[in-house]
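Worksheet: the structure to be examined is printed underneath.
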Amino acid sequence: MKKCITISAVAFTMIMGMIGCGNDKTKPGSVYMPDMAYSRGYETYAERDSSVFTNDPLNKGAKIYYDNNPVSGTIKRGELYPYTLRNDSMGYVMSAGVKNPIDSLSVDEMKEAGRLFNINCAICHGEKGAGNGPIATSGKIGGIANLTLDTYVKMADGTMFHSLTYGKNLMGSYASQLDRKQRWMLVKYIRTLQPKATAAQAPSTDTTKAK
Ligand code: HEC
């Protein structure tokens, strides 16, 4: 029995020694499973050892492949489903049939949509969407749409979303700057800048010359 206690005591001391109960609480002591104590850094901006990692698909296998992008075909939690229409004339026509997945915006969401519009769009379209932002009035880019016009009042949400996703003529694509929800929110916001559909024929109160 005594022997048993002695063996247990020695074993206990050894284990405690391995776990390490030194004064420095910031160090893990002896590391039993290093892969668990020191995880491989997959953080977006973490520096990666180029002798171990590669972002060249052709080098896959020889090194660990990691390109910072989400795995294709995956959707971020809570994100809207991908938009499947293609960037061609057929896709543009068909976009009119795509319903805005957002029925209505809360007060906060509408505020956010307005903020996004003023940051991304007002420079060309103007804060009220009348096509008279600083770039339009400078004359540097012509043909900036006056979103309060009847054409755009009648334009389907889906078509606006399509143009925001792929760009249209002199307007670039916003797919990389604004996620799907933000783009649909902006379409909702544009509606608030437009005269009501019933009064669509009434002349716009905006007197600026830009179309
Ligand atoms: C660089 C200037 C510029 C910026 C910035 C810009 N647009 Fe445009 N936008 C245009 C021009 C030019 C057109 C007209 C395209 C055409 O029909 O040739 C246009 C057209 C549109 C249309 C009509 C699309 C269609 O199918 O006819 C919508 C809707 C629109 N813009 C919304 C937005 C929103 C929302 C933003 C901000 C996310 C934005 N625009 C930012 C220049 C701009």
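The values are calculated or read from the model by the stated rules, or taken from the named source; none is laboratory data. Values in this document were obtained by computation on a predicted structure and should not be read as measured data. Ideal geometry is used to build each Cβ from the backbone, glycine not excepted, and the neighbour counts take in all protein chains shown. We work out accessible area using only protein heavy atoms, side chains counted, and drop any ligands, DNA or RNA first. Shrake-Rupley method; radii C 1.70, N 1.55, O 1.52, S 1.80 Å.
Within the accessible area of the stretch 89-199, what % is carbon and sulfur when the probe is 1.4 Å and the other protein chains stay in place? Kindly include the intermediate steps, with their values, before the conclusion.
Values: 3430 of 5890 Å².
It is 58 percent, rounded to a whole number.
Pick from Ile64, Ile141, Ile123 the residue whose mean-square fluctuation is largest in a GNM of the chain, springs joining Cα atoms under 10 Å.
Maximum fluctuation in the GNM of the chain, among the listed residues, is at Ile64.
Compute the semi-axes of the equivalent ellipsoid of the stretch 89-199, taking the square root of 5 times each eigenvalue of the Cα gyration tensor, and list them largest first in whole Å.
Details: eigenvalues 74, 57, 45 Å².
Working through the eigenvalues yields semi-axes of 19, 17, 15 Å.
Under 10 Å, Cα contacts only: if you run a Gaussian network model on the chain, which one of Asn118, Asn69, Asn169 comes out with the highest mean-square fluctuation?
Of the options given, Asn69 has the highest mean-square fluctuation.
Once the Cα gyration tensor of the chain is found, what semi-axes does its equivalent ellipsoid get, as square roots of 5 times the eigenvalues, in whole Å, sorted largest first?
So the three semi-axes of the chain are 59, 21, 17 Å.
Counting each DSSP H run of 4 or more residues in the chain as -39500 (n - 2.57), what helix-only mean residue ellipticity at 222 nm follows after dividing by all residues, to the nearest 500 deg cm²/dmol? The partial results should precede the final answer.
Numbers: 9 runs with 80 residues, N = 211.
The per-residue figure over the chain is -10500 deg cm²/dmol.
What is the distance, in nm, between label points placed 7 Å from the Cα along the Cα-to-Cβ direction at Glu109 and at Ala96?
2.7
Can you tell me the length gained on complete extension of the stretch Thr6 to Ala175, counting 0.36 nm per residue apart and subtracting the Cα distance?
Values: separation 169, 0.36 × 169 = 60.84 nm, distance 6.98 nm.
Length difference between fully extended and current span is 53.9 nm.
Return the lysines within reach of Lys196: Cα separation strictly under 20 angstrom, same-chain partners fewer than 8 residues apart disregarded; answer none if there are no such residues.
Counting by Cα, and skipping residues close in sequence, Lys196 has these lysines nearby: Lys99, Lys111, Lys128, Lys154, Lys188, Lys211.
Just want to confirm a number: the relative contact order over the chain, from Cα pairs under 8 angstrom separated by 6+ residues, in percent. Walk me through the numbers on the way to the answer.
Values: 203 pairs, mean separation 34.8, N = 211.
RCO, the chain: 16 percent.
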